[in-house]
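Everything below concerns the one structure shown next.
The values are calculated or read from the model by the stated rules, or taken from the named source; none is laboratory data. This is a predicted model, so every value here is computed, not measured. Please note: Cβ atoms are built from the backbone with ideal geometry, for glycine as well, and neighbour counts cover all protein chains shown.
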Amino acid sequence: GESVGLHLPTLSVQEGDNSIINCAYSNSASDYFIWYKQESGKGPQFIIDIRSNMDKRQGQRVTVLLNKTVKHLSLQIAATQPGDSAVYFCAENVFGNEKLTFGTGTRLTIIP
Amino acid sequence: DAGVIQSPRHEVTEMGQEVTLRCKPISGHNSLFWYRQTMMRGLELLIYFNNNVPIDDSGMPEDRFSAKMPNASFSTLKIQPSEPRDSAVYFCASTPGQGFYGYTFGSGTRLTVV
């Protein structure tokens, strides 16, 4: 069936550097995408979203890029901090449907 | 707003016992979702409700699993009888249901069946 997958299961980044987490999706009908952050012992927390009519969206220290041509999504975190260490999930949604399909997640570790 | 509230946070039970997980969605949210998270399978949608009505239960693994939403502020996920392979973290999430802007998750219930 359709699925969302991540290329890299783990990523280690030096504190202060920028990080990029990637996600590939296969459902061409998906038109809404969300990045979630999950810290140990907690539920996933919304970070940023993007709709398919956009290719870039910026938040505080985070930027999401969407390339619909190759069905690719990325999350950029600028000037990483120890608190950014977590598992990051991308999720996709099709308009009119409340179901989210989650990717497998990438563990980001910030090295002090 | 206290967010989505789940209880208990941790549950350890013996195989064959009945387990009931509870969830209180955010007030005013019309849709509620139950997810299971394991290392092997990641986040899996089990069932979701809209206005207290089950809409999609295709993710419920077996008849041993059942979920109810008797009112807008409470839902339960029951496993009877429980098995060791049910060990996982179970999350509840809710969303307003008008327009879609993703879910708000609870902190989860870590279930261990021994």
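The set of residues from segment B:14-25 being within 17 Å of the chain's Cα centre (by Cα) and either closer than 16 Å to B:Arg36 by Cβ or small (Gly, Ala, Ser) (or both) comprises B:Val19, B:Thr20, B:Leu21, B:Arg22, B:Cys23.
As for segment B:79-92, it holds at least one residue that is at pLDDT 95 or above, crowded, with 22+ Cβ neighbours inside 10 Å and hydroxyl-bearing (Ser, Thr, Tyr). Could you please let me know if B:Tyr48 is exposed (fewer than 15 other Cβ atoms within 10 Å of the Cβ) and either of a type in the set (Val, Ile, Thr) or closer than 25 Å to A:Gln38 by Cα (or both)? Criteria not met by B:Tyr48. Of all the residues in segment B:1-45, those that are assigned to a loop (DSSP other than H, G, I, E, B), surrounded by fewer than 21 Cβ atoms within 10 Å (Cβ to Cβ) and either in contact (Cβ under 8 Å) with a residue 40 or more places away in the chain or aromatic (Phe, Trp, Tyr) (or both) number 13.
Hey, could you check segment B:105-114 for residues that are surrounded by fewer than 21 Cβ atoms within 10 Å (Cβ to Cβ) and not in a loop (DSSP other than H, G, I, E, B) and say which is farthest from the other protein chains (Cβ to nearest Cβ)? Top of the filtered list is B:Val113. Count of segment B:59-102 residues, restricted to those that are closer than 11 Å to B:Phe49 by Cβ, away from chain A (no Cβ under 14 Å) and of a type in the set (Gly, Ala, Ser), is 3.
Given the condition in contact with a strand residue (DSSP E or B) (Cβ under 6 Å, 6 or more places away or on another chain) and on the phi > 0 side of the Ramachandran plot, answer yes or no: does some residue in segment B:19-37 qualify? Checking segment B:19-37: not a single residue is in contact with a strand residue (DSSP E or B) (Cβ under 6 Å, 6 or more places away or on another chain) and on the phi > 0 side of the Ramachandran plot.
Name the residue, out of B:Pro54, B:Pro61, that is exposed (fewer than 14 other Cβ atoms within 10 Å of the Cβ), on the phi < 0 side of the Ramachandran plot and of a type outside the set (Gly, Ala, Ser).
When all the criteria are applied, what remains is B:Pro61.
Any chance segment A:90-108 includes a residue that's closer than 21 Å to B:Ser31 by Cα, of a type in the set (Lys, Arg) and out of contact with any His (no Cβ under 8 Å at 6 or more places or on another chain)? Yes, that holds for at least one residue. Residues that are small (Gly, Ala, Ser), in contact with a strand residue (DSSP E or B) (Cβ under 7 Å, 6 or more places away or on another chain), surrounded by fewer than 19 Cβ atoms within 10 Å (Cβ to Cβ) and touching a residue at least 40 places away in the same chain (Cβ under 8 Å) do not occur anywhere in segment A:55-69. Do we have any residue at all in segment A:101-109 that's within 12 Å of chain B (Cβ to nearest Cβ), within 26 Å of A:Ser28 (Cα to Cα), assigned to a loop (DSSP other than H, G, I, E, B) and not polar (S, T, N, Q)? Yes, that holds for at least one residue.
Looking across segment B:60-85, the residues that are of a type outside the set (A, V, I, L, M), within 19 Å of B:Arg110 (Cα to Cα) and in a loop (DSSP other than H, G, I, E, B) come down to B:Pro61, B:Arg64, B:Gln80, B:Pro81, B:Ser82, B:Glu83.
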